[in-house]
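The values are calculated or read from the model by the stated rules, or taken from the named source; none is laboratory data. What you see is a predicted model; the values in this text were computed from it and never measured. Quick reminder, even Gly has a Cβ in these numbers, built from the backbone with ideal geometry, and neighbours come from all protein chains shown. Accessible surface areas use protein heavy atoms only, side chains included; no ligands, DNA or RNA. Shrake-Rupley method; radii C 1.70, N 1.55, O 1.52, S 1.80 Å.
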Amino acid sequence: MTEAVLAETVAAALAHLGIEADLSRIGLERPARADHGDWSSNVALTHAKTAGMAPRELGQRLAAELESAGLPHLERCEVAGPGFVNLHLAPSWLHEVLEEVLRKGTERYARFDCGSGKVVNLEFVSANPTGPLHAGGGRWGAFGDSLARLFRRCGYATHTEYYVNDRGNQMELFGRSLAARLAGEPVPDGGYHGDYVIEWANELAAELREDRLREDQASVDTAFAASWGRERALRDVSESLAAMNVSFDRWQSETALVQAGAMEAVVERLRRAGRVYERDGAQWLATSAVGDSKDRVLRRSDGEPTYFVPDIAYHHDKFSRGDHVIDVLGADHHGYVPRMAAAMEMLGHPAGSYEAIVGQNVTLMRDGEVIELSKRTGTMVEVRELIEAVGPDVARFAFLLQSIDSRQTIDVDVLSAQASENPVFYVQYAHARIASVVRRAEADGIAAVPPPGLDLSPLSADRELALLRSLEQLPSVVQLALRERAPHKVTAWVRDLAAAFHGFYHDCPILRSDVPPDMRSARLALTEGTRIGLAIGLDLLGVDAPSQM
């Protein structure tokens, strides 16, 4: 009894009444209150003018038509308010949902093939390799990785990337800062002052002594220090994100891309397309002709390329690894999106094939004060610190509690002190509780996973039906979360499912000796179905599904 099936049934009922139906205007939603039915539709409101009658009158005629149509599982229809049609279904429709969950399991339930044959290239985090990843970067890692999991769940081949910005002024300053610390000299103006620079300089000194890479530490030049620091920073970022269950298929070096001639090649391609022109001694790209607010400089009058050129080259290159390219960007990148979209379209990529998700940053607090996240000043909390303080699951779940387009405030002290009360443990406890039920059943010689064809009609209590309704929503949640690029909707759903299971567990005994065998088997089936739902949801969030806690 899916939304699509219901919409088609309602459309058929309208047609039977002689009213032309518009499927796009047949809205269906699950009411917040159970006494309003299992589904509610605004169809009478949206089709009243076409039908030439008042919405309530159309709603009443439509309700009568649906009740007489023999719709499976339909018990009754009611018209509420100005004309909403509420459909009340028998529990048997939810029993069919559970049968589907058990039949398909974690591999196939709430899995789709809408992305079959399509390849998505998803880039996220991409922090400069000039130091450890700050805790705010963990949000981008959690979001991007969960979005990739949603794409894969829906059948898309998904390729994830981290762009390594390893050239330019910041790398120069980082190398000079490391070299200065190594030589015991002051950090240069505008350089990096964090304690990690001192620690890494000491590591470099130890390596130099051990490997005799340089007889005189003071002779280490900026280029060598920057190269060593780049690798050290990337190792820290990779390890920190891996601790949160985040990984990438490709780490793309900007330097390598430039050295391969990608900048010159892409500018020449744009020039041949008639998109490049000269003005005031500079080279410009006519992006305003393709939706940007103004044209953009490619090369300044001194001949130096702007940062836009290697970015264009990189994004053009990404299309060789995906037919839909997505960037996850920080809040200060709104103006970046139209110019890059324009450049990609100029290079022949279809309009809309480049997408940017612009999120809001994280505000971190400690000791009641906001922490400025700056590698250069050294005032920051590393994502590694956060993970060590609260654990990877707590950190990742916390980052996924809110929409990426809303600013998030995380108090490190509060998160650490309340780690055991974090919502993720409430969800994980539900999964561990199910594993405990399975162990007890097996110890008693009872099949924890009932065979196919089991009679599920004993499942009719409010707690049981509430849990079944939650399970039924997962496929829609997965599709909605992907469509809206909103992994936090999975977070909300998995919390609701856990709450429904804990209520069911409290009110509906499963293995107690006075529970009839048919009821026990049905409740074990519902318990297994819940385990499947939790396992899917937690996997999409990149969070562990423990068997005990």
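Points to keep in mind about this one:
- Inter-residue pairs, beta-carbon under 9 Å, first closer than 16 Å to G70 by Cα and in segment 13-27, second open to solvent by 90 Å² or more (accessible area, probe 1.4 Å) and modelled with pLDDT under 95, 6+ apart: L14/E20
- The residues of segment 435-466 that are open to solvent by 20 Å² or more (accessible area, probe 1.4 Å), of a type in the set (D, E, K, R) and closer than 28 Å to L89 by Cβ, listed by number, are D455, D462, R463.
- For the residues A492, A545, the requirement of being assigned to a loop (DSSP other than H, G, I, E, B), within 30 Å of the chain's Cα centre (by Cα) and surrounded by fewer than 23 Cβ atoms within 10 Å (Cβ to Cβ) singles out A545.
- For E268, the conditions (1) assigned to a helix (DSSP H, G or I); (2) closer than 29 Å to A223 by Cα are fulfilled apart from (2).
- Of the strands (runs of 3 or more DSSP E) lying entirely inside segment 65-145, those containing at least 2 residues that are surrounded by fewer than 20 Cβ atoms within 10 Å (Cβ to Cβ) are 74-80, 84-89.
- Filter result for W200 (under 30 Å from G542 (Cβ atoms) and open to solvent by less than 30 Å² (accessible area, probe 1.4 Å)): yes
- Candidate set from segment 166-179 (those that are crowded, with 20+ Cβ neighbours inside 10 Å and either of a type outside the set (S, T, Y) or touching an Asp or Glu at 6+ places or on another chain (Cβ under 9 Å) (or both)); member that is nearest to G131 (Cα to Cα): F174
- A48 out of contact with any strand residue (DSSP E or B) (no Cβ under 8 Å at 6 or more places or on another chain) and open to solvent by 20 Å² or more (accessible area, probe 1.4 Å): no
- Screening the candidates A432, A395 for the property of being at pLDDT below 95, out of contact with any strand residue (DSSP E or B) (no Cβ under 8 Å at 6 or more places or on another chain), open to solvent by less than 20 Å² (accessible area, probe 1.4 Å) and part of a helix (DSSP H, G or I) yields one hit, A395.
- Under the condition of being at pLDDT below 95 and part of a helix (DSSP H, G or I), the residues counted in segment 16-45 number 7.
- Inside segment 253-277, residues that are open to solvent by 60 Å² or more (accessible area, probe 1.4 Å) and acidic (D, E) make up a count of 2.
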